[in-house]
Structures are given as C-alpha cells and as structure tokens.
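Student: Could you have a look at this structure, given as structure tokens, before my questions?
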C-alpha cells in the first residue's frame, strides 16, 4: 500500500509538470499568429493568453507592456497587420548596437526565441519592451552596488514610454534623443552623444592584444601595436610605414589621455591592449557613475576628476577655472568624496600623517641626523617640542614611533604656499607643491593621497573674489604670501565639492577620451557586469 501511494504521488507530479510545460509552450496555430487576423486583435488575444509569460519576458516588463497596450486600446506601435513600419525597422536596427544606446551588451533581457520570433506580434511586443527597459535603465541606472549585480529589469512609467514613442517619428538625431533619457548634466549628455557616434556606425572589435614591453621584445611590441592601431581604425593596413605608424600612435595616445609622444610605455600598451568593445563598456560605466551622484548646485561648485588629473571650478554652471592636479599613487589612492571647501590657508604647516612619519621620516633621519633641520621639520612628543639631534633614532621602528612631525611653512614645505581645507574622513586636502615638474606628466599619480594643484594661488583668487561679503581679498592673499605669513581665511560661503573617478570623458570636439584606469576601479564594476577584456 505504501509503495502504491508513492507511485501515485510520483505519477501525479509528473503529469502536473507535463501539463505545466504544455501550457507554457507556444502554440504556432494560435490565432495570435494568424496574419488574417488584424494585429490589433492579435495584441488583445496575446494579452488574454499571456503570451509574454510563455516567451519568458521578465515580470517587471511584461505587466507594463500589457498595461501600455491596454491603455491605447490594443493599437500597435511598430507594425501593421503584415510588416514592420519604418519606425519599427529603425528601432530594431538601433537595438543591434546596445553599446551605442548606453547599455552593456548583456543587459537586455533574454527571452524564448524560436521560428516565431520574427512574427509581427512578437516583434511588436519586443520593441516596446526593449524601449521600456532601456529608458528605465538610462534614467536610474542598471547596477546595484549594494549587491554587486545588475538591478532587476523593470519598465519606465507608461507616461514616459508613451512620450518617447510619440517622439520617434520626428527624431533627427538618435544620439541626442537617447542622451536626454539620462541625467541632464552636460558631462553626461556629451558622453552619451559621443558614445553613440563612436559605437553606432560599425561592429565593435573584441580583439584584446597583449603587447610586450619594447625592451622585452621590440619586434613583437611594434607588430602587435601596428595590429591594434589597424583594428581600432587609426592606421590603414595598406599604409604602415614608419611615418604613418607614429602619426597614428600620437593620435591614439591623445584619445586615451596620454602624451602624444609616440613612446610605447606601460599605459600606452594598456590602452592598445583593450578591445573597442571593452573601451565602450568603460564609457557606459562612466555614464553609470554620473547617475550615482547628486546633481551639482547651480551657483558654485568644485569638481575633481581623478583619472583626468583635473580640477574645475564652476560658477553659475559655467567653467571659471581649470587646473592640472597630481593625485595619489596606486598604493596611496586619492579617495572619492563629497564635501565643502571651507577655508584657504596661506603658508600652511604640514603635520605628517603617522603612516608617512613612521615610514618615510624615520628612515630618512636614521640615515642623516640633519634631515629634520635641512627640511624644516620640528618633532613633538605629545605637545612638547623635542630636539631631534638628542634622540637616538635607531631605537625606533615603524610600529613604535611615538613622535609627531611637523614641517614649518615656506617654499620648501610639501604643501607649498596655499592649502584648501575641507572636512573629510580621509585626512586629504588640495594644496600647492614645490614639485612643479610632475604637472608636465600625462600620468600624474605621485602623491600620498592629497591633490596637488597647479596655479593654486590663481584658484584661491577666483574663490575669494566671489565669496560673498569676504573681507580678505585676492590682494590680501598676495600680501600674506609675500610676508610669508601663516593665516587661515574662512570662506563666508563654503563651496560644494566632489571628487569623482570617471575614466571616459569627451574632448572639445565631442569625441571620447579614454583615460587610464590608474587605480583599476573600473575593473571592479566591469566584473559585476560580466565584461572582461579577453574574449573566451
């Protein structure tokens, strides 16, 4: 009896699974696919029979698509009773280039495809669903960094979807139209338009090159660099003479945030290695990063972009001043942060962080007992100053270093003549530097984490001149510096500031510029997106 009961339960479960499977299969004789029936009627029948569930459309898209067609009395958008309309044909063609649209290749949802996929009824639903997903993703983003994965696929609201569909008959520039679906920030808009131009006109190469250093294998380095430049359309395969090669290399370096010197260094090889498709996904990630942040205030703000090595000051949404910066080394990375610039300090002191004092000052003074005097350092135990020449420095190591080290103001001070202070948990700030030579390099990651600013006195003057009811003028700052006087000027109206990490921007011509991912922060997010530099 027990065996019979188990057998009965097994047969019942198997029959249930068979019935479920049969009910989920698409019946090709269903009137939904009968071309003799009007498409409007077939849309109604498809919703009644829940066709999109059988096609494995995501819940967050399916119900919205149904609601959209019900709201328009089942009238089709993209096709008539027998074929796609011009609007549908154009939109379907654009969907073949998801990177150009601003989405990763693997982001659009998958569905059950078979011989019926090309039928007008399925294409009608699919084209609407794709637009609904794209518009939502471009508006709010597709990455959930809390769980390190893609967000669930959902639809934009029906009002926005309907508005976009109505606009498509009159769109003259698809790149501009798509850009408006995302943040209104000019930087995002320019990036979205640049990506569309870059990725919508050709098939993107997947070829990843592993170019050796010139000193390791010069012949292979040049050969693979040539192949990469040809693959990326910088060099004509029929014209690879030296002059053409080096001209192409210079243009490629400029488009990748590097000095156009023709030198095939570490970062030039890294840029040449990346496939076009991988670069496009870095641009898509940069667009996503713009979605993660709050809009800038309209009146004034300061923006730092680490991979670009640039600081920009904006007033009334117009660029007022731009400065080259030096950022932290990969082992001392400059953090991303939001804060408010609250003070400008003339002739600042520099109190070394304990990590720097114990790792750098200590070994230096152990080698040279006059190191502190030569570099204008004072040493304190607690609040009491001690004479560094009376200390047996050999007794101390990094882990038991008990002193505080402060460098006196002056032209040799590591912070230079001007420092900009803002609250942050990382203990970093923007400052001048006596090491001006680093500003002439293309890769400027040399600091301990702070941002060294080129022409900081000019930046300070711009800020002070526009600080409401500020008693200290630009002339006051010049006087303080001339007198070598340490003084803190508190801003009457602190300036919102943002330190970002966006590796792809556009140049003055609107073309994409791919800056080196010097901290490898792109890679973390691209792995979430399952985007890898090599083709398996």
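What follows is calculated from the coordinates using simple rules that are stated; it is not laboratory data. Because the structure is a prediction, the values reported are computed rather than measured. Neighbour counts run over all protein chains shown; Cβ positions are idealised from the backbone, glycine included.
Student: On a 0 to 90 degree scale, rounded to 10, what angle separates helix 456-465 from the longest Cα axis of the chain?
Tutor: 80 degrees
Student: Write down Rg/Rh for segment 351-408, rounded to two decimals, with Rg from the C-alpha atoms and Rh from the Kirkwood relation over Cα pairs.
Tutor: Details: Rg = 10.0 Å, Rh = 11.2 Å.
Here Rg/Rh amounts to 0.89.
Student: So what is the 222 nm mean residue ellipticity for the chain from helices alone, if each DSSP H run of at least 4 adds -39500 (n - 2.57) and you divide by all residues, rounding to the nearest 500 deg cm²/dmol? It would help to have the intermediate numbers written out before the result.
Tutor: On the way: 19 runs with 204 residues, N = 536.
Computed ellipticity for the chain at 222 nm equals -11500 deg cm²/dmol.
Student: Now, a different point. With labels modelled as points extended 7 Å from the Cα through the Cβ direction, what inter-label distance (nm, one decimal) is found for residue 369 paired with residue 72?
Tutor: Placing both labels 7 Å beyond Cα along the Cβ direction yields 8.7 nm.
Student: Additional query: If I stretch the segment between residue 292 and residue 507 completely, what's the gain in nm (0.36 nm per residue apart, minus their alpha carbon distance), one decimal? Don't jump to the answer; show the numbers that get you there.
Tutor: Working: separation 215, 0.36 × 215 = 77.40 nm, distance 2.25 nm.
Result for the pair: 75.2 nm of gain on full extension.
Student: Mind grabbing the base-10 log of I(q)/I(0) for segment 278-326 at q = 0.19, 0.23, 0.25 Å⁻¹? Debye formula, identical points on the C-alpha positions, no solvent, two decimal places.
Tutor: Debye curve over Cα of segment 278-326, log10 I(q)/I(0) at q = 0.19, 0.23, 0.25 Å⁻¹: -0.76, -0.95, -1.00.
Student: Two decimals, Cα atoms only, Kirkwood Rh: what is Rg/Rh over segment 384-536?
Tutor: 1.06
Student: With viscosity set to 0.692 mPa s at 37 °C, what whole-number translational diffusion coefficient in µm²/s follows for segment 179-295 from Stokes-Einstein and a Kirkwood radius over Cα pairs?
Tutor: Values: Rh = 15.5 Å.
Roughly 212 µm²/s, to the nearest whole number.
Student: While we're looking at this one, here's another question. Taking every pair of alpha-carbon atoms in segment 453-529, give the share separated by more than 21 Å as a whole percent. Walk me through the numbers before you get to the answer.
Tutor: Numbers: 1563 of 2926 pairs.
Above the 21 Å cut-off, segment 453-529 has 53 percent of its Cα pairs.
Student: Taking every pair of distinct Cα atoms and averaging 1/r, then inverting, what Kirkwood hydrodynamic radius in Å comes out for segment 27-182?
Tutor: Here the Kirkwood hydrodynamic radius works out to 16.1 Å.
Student: Further question on the same structure: Enumerate the whole-percent occupancy of each 10 Å bin, from 0 to the last occupied one, for all C-alpha pair distances of segment 99-176.
Tutor: That works out to 15, 44, 33, 7, in percent per bin.
Student: Hey, another quick one. Would you list 75, 107 from fewest to most Cβ contacts within 10 Å?
Tutor: Details: 75 10, 107 20.
Arranged by neighbour count, lowest to highest, 75, 107 become 75, 107.
Student: Short version: what are the Cα gyration tensor semi-axes of the chain, square root of 5 times each eigenvalue, largest first, in whole Å?
Tutor: Working: eigenvalues 643, 146, 142 Å².
The equivalent ellipsoid of the chain has semi-axes of 57, 27, 27 Å.
Student: Moving on. So how much slack lies between residue 35 and residue 148, counting 0.36 nm per residue of separation and subtracting their Cα-Cα distance, in nm?
Tutor: Working: separation 113, 0.36 × 113 = 40.68 nm, distance 4.50 nm.
Roughly 36.2 nm would be gained on extension.
Student: In Å, what Kirkwood hydrodynamic radius results for segment 45-105 from the alpha-carbon pair distances?
Tutor: On the way: mean 1/r = 0.0746 Å⁻¹.
It is 13.4 Å.
Student: Can you give me the Cα centroid spacing of segment 393-425 and segment 284-338 in angstrom?
Tutor: 26 Å
Student: Please report how far the C-alpha centroid of segment 113-155 lies from that of segment 505-530, rounded to the nearest whole angstrom.
Tutor: Answer, in whole Å: 24.
Student: With equal scatterers on the alpha carbons only and no solvent term, can you work out the Debye log10 of I(q)/I(0) for segment 235-322 at 0.22 1/Å?
Tutor: Treating every Cα as an identical point scatterer, log10 I(q)/I(0) equals -1.12.
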